[in-house]
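What follows is a set of notes on a single structure, which appears directly below.
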Number of protein chains: 2
Amino acid sequence: MELRQLRYFVAVAEERNFGLAAQKLNVSQPPITRQIKKLEDEMSVVLFKRTSKGSELTSAGQAFLEDARKILNQVKIGVERGQAAQRGEIGTLEIGYFGTPSYLLLPKILKLFKGENPGLELYLHRLSKKEQMDALKTGQIHIGFGRYYNQEHDLCVEHIFNEGMALCLPADFSMEIDNSNWHSVFSQIPLILFPASGRPNFADEILAILKREGVDPEVANVSEDIRAGLMQVAIGTGAMIVPNSVTEMRWFGVRFVKLAALSDDCPISIIYRKSDTSPHLRKLIHSIQHFQESSAKIEI
Amino acid sequence: MELRQLRYFVAVAEERNFGLAAQKLNVSQPPITRQIKKLEDEMSVVLFKRTSKGSELTSAGQAFLEDARKILNQVKIGVERGQAAQRGEIGTLEIGYFGTPSYLLLPKILKLFKGENPGLELYLHRLSKKEQMDALKTGQIHIGFGRYYNQEHDLCVEHIFNEGMALCLPADFSMEIDNSNWHSVFSQIPLILFPASGRPNFADEILAILKREGVDPEVANVSEDIRAGLMQVAIGTGAMIVPNSVTEMRWFGVRFVKLAALSDDCPISIIYRKSDTSPHLRKLIHSIQHFQESSAKIEI
DNA sequence: CCATGTGGATACCGAATACGTATTAATAGC
DNA sequence: GCTATTAATACGTATTCGGTATCCACATGG
């Protein structure tokens, strides 16, 4: 069966006349006869009752007419949807995220992006760095948000933001902190690191920074994730250094002190396939870059 | 666009490889290339991203794939529906009805028929005889139920049932009636006829019967329809002779006396187009004939 | 660096299919 | 019976399709 036959069929059904249908379709009458016949043969269904003054649909023809119209309409819709998708107006974006960027930055970026592209559906997947990279390779996600990605073939890691850091202390830790004496807290309280896995990671970064600053803290605990770490802080196990976005939220039993000295040390990256030419992904990346510029001086 | 192109497109999308898709479709690889290219040109959409190790869908291709699958599936559904309709298993029947046959006979017949043909949808239209005939000619209905149709070109009137008749008297009309003395009521109470229009009609039939029986009643009223007539009876204006099926229902203020002498005088007919070869109609007519035989002795 | 392999595109040819013109067949109305 | 209308058929031509062979691009491995 071919669409040509359906087009002819619908035309004849509408005109109830082979010749008039042929005129409407700008062909001669015999092709109509032949294509309809072919369609009937292939379906093993008689679609028209031919009479001397026209042709009318059989009940089978009436039933099939609905489907034929549906099919032709679906073709039109499909073409339009394909074109809209090509222009990047509709479609889906699968987004992987992990860790603290999802606390503030990702919602901000995606809210902006969604507003600019209402036809796009965004799906979010909480995936570890490793899972993100696998999902990228199999095409399950288009982009990942996180930190400290390893380089890999065909995957492009783009550093999109430098976040500041904050000291996170037990609420009842009374010492006054300023940007000159923040190192000294670690002589009084041990350090809690996170996360425990997926190296290189934020924990390595913190240790590197402290080493650079000449601090050699006692490590009380390496927590699985930031929530576990914050709970350790809350119960007084130690202190943490966290990305600023964490301070935007309310956490029981902890207080934050933003560190001007570390206002630019916490990288946030995106990762995507170099070979992915999807306009949706490109739009999102472009939107992220725009966001970067417009909020370069905004405290995160 | 042709369905061939959609079939090729779906195959390539599934295999993510032109050559493998060709194998699956039992054709060589070049035709795939050409048809896909044609499809892309016609849609002005790039459907695949060709790489050195296969081809993958663009986002536009992904969007269109859904539609292409829908279309091909709809084709399959359409063929099946067409075949089922040809076998008379599915479809619609538009039925015109008028007057008293709809009180009992029509529901009985249609209940039976619907039970035998659950896939058929039955639509009922209350139409006068004239309206039924017009609707038959324009194809709006397939069959009409009623009485006293006029013959007309291409319309076939089939007499399917002879109903008995009953005398309908005011509830407080105390005279004892039996089948020997029923004529005599019209010397005590006038006759009410119905309907007023659409001749020849039931009123003409009643007058003919009474004339045959040698009765010359006073006609008190010619009511538009049976309900109006029954109300006249209830308020005591006169008496009626009605088809037996009317007696099956409860009517305020009237009583019925079935007349054995007129147990076969009230014809019920169907009307349909001679040239209508729809299997649904044929099935219904067949079902009616069957109903006729099986209930030949059943009191209606 | 070249050899090799894979996947898709192109060129060309023969076959299948579609269309157009002319004609025929069937039927209804006069 | 004649005519008009409508669908079907016959046949020649044009288009389209698919097959074979080949080419091109690119990645991989020595």
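For segment B:194-281, which GluC sites (Glu not before Pro) are in a loop by DSSP, counting at most 16 other Cβ atoms within 10 Å?
Within segment B:194-281, the qualifying GluC sites (Glu not before Pro) (loop, at most 16 other Cβ atoms within 10 Å) are B:GLU213, B:GLU218, B:GLU224.
What's the exposure ranking of B:ASP276, A:ASP265, going from fewest to most Cβ atoms within 10 Å?
Exposure proxy ranking, most exposed first: A:ASP265, B:ASP276.
What is the spin-label model distance, in nm, from A:SER263 to A:HIS290 if the labels are put 7 Å beyond Cα along the C-beta direction?
So the label points at A:SER263 and A:HIS290 sit 2.7 nm apart.
Pull up the cross-link candidates among the lysines for A:LYS258, meaning alpha carbon to alpha carbon under 20 Å and not fewer than 8 places away within one chain.
A:LYS211, A:LYS297
If I take every Cα pair under 8 Å that is 6 or more residues apart in chain B, average their sequence separation and divide by the length, what percent do I get for the relative contact order?
That works out to 21 percent.
Quote the relative contact order of segment A:3-86 in percent (integer), defining contacts as alpha-carbon pairs under 8 Å separated by 6+ residues.
27
Can you bin every Cα-Cα distance in segment B:165-262 into 5 Å intervals starting at zero and give me the percent of pairs per bin, rounded to whole numbers?
Spelled out bin by bin, segment B:165-262 gives 3, 14, 27, 29, 20, 6, 1 percent.
Would you calculate a helix-derived [θ] at 222 nm for chain A, using -39,500 (n - 2.57) for each DSSP H run of n ≥ 4 and dividing by the full residue count, to the nearest 500?
Estimated from H runs of four or more residues: -13000 deg cm²/dmol.
Shortest first, in nm, what separates the label point of B:ASN162 from those of the same position in the other copies (7 Å along Cα→Cβ)?
Between copies, matching label points for B:ASN162 lie 10.8 nm apart.
Using a cut-off of 12 Å between beta-carbons, work out the net charge of the residues near B:VAL157 (Lys and Arg +1, Asp and Glu -1, B:VAL157 not included).
That sum, taken over residues with Cβ under 12 Å, equals +1.
Test of the criteria: in segment A:192-300, which trypsin sites (Lys or Arg not before Pro) are in a DSSP loop and have at most 13 other Cβ atoms within 10 angstrom of their Cβ?
A:ARG250, A:LYS274, A:LYS297
Too long at a 26 Å Cα-Cα cut-off: which of B:LYS49/B:LYS70; A:LYS70/B:LYS53; A:LYS38/B:LYS274; A:LYS130/B:LYS37; A:LYS129/A:LYS283?
A:LYS70/B:LYS53; A:LYS38/B:LYS274; A:LYS130/B:LYS37
May I ask you to derive the relative contact order of segment B:130-246, considering only C-alpha pairs under 8 Å and at least 6 residues apart, and to give it as an integer percent?
Here the relative contact order equals 34 percent.
Quick one: which residues, 5+ away or cross-chain, put their amide H under 5 Å from the amide H of A:MET165? H built at 1.01 Å from N.
Sorted by chain and number, the residues that satisfy this are A:ASN244, A:LEU259, A:LEU262, A:SER263, A:ASP264, A:ASP265.
Label position 7 Å from Cα toward Cβ: report the copy-to-copy distances for A:PHE252 in nm, one decimal, ordered from shortest.
7.2
For peptide A:277-283, compute the average count of partner chain beta-carbon atoms within 10 Å of each residue's beta-carbon.
Mean partner-chain Cβ count within 10 Å for A:277-283: 2.
Using Cβ counts within 10 Å as a stand-in for footprinting exposure, how do A:MET165, A:MET43 rank, fewest first?
Taking fewest neighbouring Cβ atoms as first place, the list is A:MET43, A:MET165.
Compute the convex hull volume of the Cα atoms of segment A:6-102, divide it by the residue count, and report the result per residue in Å³ as a whole number.
146
How many nanometers, to one decimal and shortest first, lie between the label point of A:GLY214 and those of its other copies, if labels sit 7 Å from Cα toward Cβ?
14.2
Using a simple spin-label model with points 7 Å from Cα along the Cα→Cβ vector, what separation in nm is obtained for A:THR33 and B:LYS70?
3.8
Short version: ³J(HN,Hα) in whole Hz for each residue of segment B:233-248, in order, from phi by Karplus 6.51 cos²θ - 1.76 cosθ + 1.60 (θ = phi - 60°), x for Gly and Pro, what are they?
Karplus-based 3J(HN,Hα) across segment B:233-248 equals 5, 4, 8, x, 5, x, 10, 10, 10, 10, x, 4, 4, 4, 6, 6 Hz.
Could you list A:VAL246, A:VAL27, B:VAL10 in order of exposure, starting from the residue whose Cβ has the fewest other Cβ atoms within 10 Å?
Listed from fewest to most nearby Cβ atoms, that is A:VAL27, B:VAL10, A:VAL246.
What is the mean projected area of the alpha carbon convex hull for chain A, to one decimal in square nanometres?
22.4
For B:VAL254, list long-range residues whose amide hydrogen, built 1.01 Å from N in the peptide plane, is under 5 Å from its own amide hydrogen.
Long-range HN contacts for B:VAL254: B:ALA171.
So how far apart, in nm, are the two label points at A:GLU158 and B:VAL222 if each is 7 Å from Cα heading toward Cβ?
8.9
Rounded, prolate or oblate for segment B:110-171? Axes are the square roots of the Cα gyration tensor eigenvalues, ordered a ≥ b ≥ c, and the cut-off for rounded is a/c under 1.5.
Oblate is the answer for segment B:110-171, as a/c is 1.5 or above yet b/c matches or exceeds a/b.
Classify the protein assembly as shown from the C-alpha gyration tensor, please: rounded if a/c falls under 1.5, else prolate or oblate depending on whether a/b exceeds b/c.
The shape class here is prolate.
Every number here is computed from the coordinates shown, using simple stated rules; none is lab data. These numbers were taken from a predicted model, which means no experiment stands behind them. Every residue, glycine as well, gets a Cβ built from its backbone with ideal geometry; the counts of neighbours run over all protein chains shown.
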